[in-house]
Amino acid sequence: KILWVQDSVSHGLWMAPTFSVTACYLHLLGTMATTPWASIAWSQVASLRHSFIAWVGFHGKLPVMDRLVKFLNQPLPTDCSLCSSAVETHDHLFLHCRWSRQLWHHIHTWWPSKVKLASFQEFVASLK
């Protein structure tokens, strides 16, 4: 990364009459593709705490039981905390648990949308 920045500097990128932190940041950021969920996670109506939890969730890194068992290396019950009928995975907790399905049903009756609930990857892809 440092070599890339030095190469950019040697090609006169920073030879403008005034230095701009914004221009520097945008150049270093490059042409990153935006994610379909970014506008949802970082909505201005959500608090920062909720935005952060949504961001971690969209990355699939929330501490659900199947992830905790992997990291803690201890025998823990992996049953879902809400229904106790399946292993608590990211997909199950947010899409397949009976509590989640009821919640999604209520959301769809209040606000019809075309999100797909087969898997979390399909859900995120359908947010476009």
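The values are calculated or read from the model by the stated rules, or taken from the named source; none is laboratory data. Because the structure is a prediction, the values reported are computed rather than measured. Neighbour counts are summed over all protein chains in view; Cβ atoms, including those assigned to glycine, are modelled from backbone coordinates with ideal geometry. Calculation scope for accessible area: heavy atoms of the full protein, side chains included, ligands and nucleic acids excluded. Shrake-Rupley method; radii C 1.70, N 1.55, O 1.52, S 1.80 Å.
Of the helices (runs of 4 or more DSSP H) contained entirely in the range 1-101, those carrying at least 1 residues that are modelled with pLDDT of 90 or more fall at 48-58, 65-72.
Which ones in the range 44-75 are surrounded by fewer than 10 Cβ atoms within 10 Å (Cβ to Cβ), farther than 20 Å from His92 by Cβ and not β-branched (Val, Ile, Thr)? Selection gives Gln44, Ser47, Leu48, Arg49, Asn73, Gln74. The set of residues in the range 47-106 being without any contact (Cβ under 8 Å) to a residue 60 or more places away in the chain, among the aromatic types (Phe, Trp, Tyr) and under 22 Å from Ala125 (Cα atoms) consists of Phe52, Trp55, Phe94, Trp104.
Just one of (1) out of contact with any helix residue (DSSP H, G or I) (no Cβ under 9 Å at 6 or more places or on another chain); (2) of a type in the set (A, V, I, L, M, F, W, C); (3) surrounded by 15 or more Cβ atoms within 10 Å (Cβ to Cβ) fails for Phe94. It is (1).
Restricting to the range 108-128, what's the tally of residues that are assigned to a loop (DSSP other than H, G, I, E, B), open to solvent by 60 Å² or more (accessible area, probe 1.4 Å) and within 16 Å of Thr35 (Cβ to Cβ)? Qualifying residue count, the range 108-128: 1.
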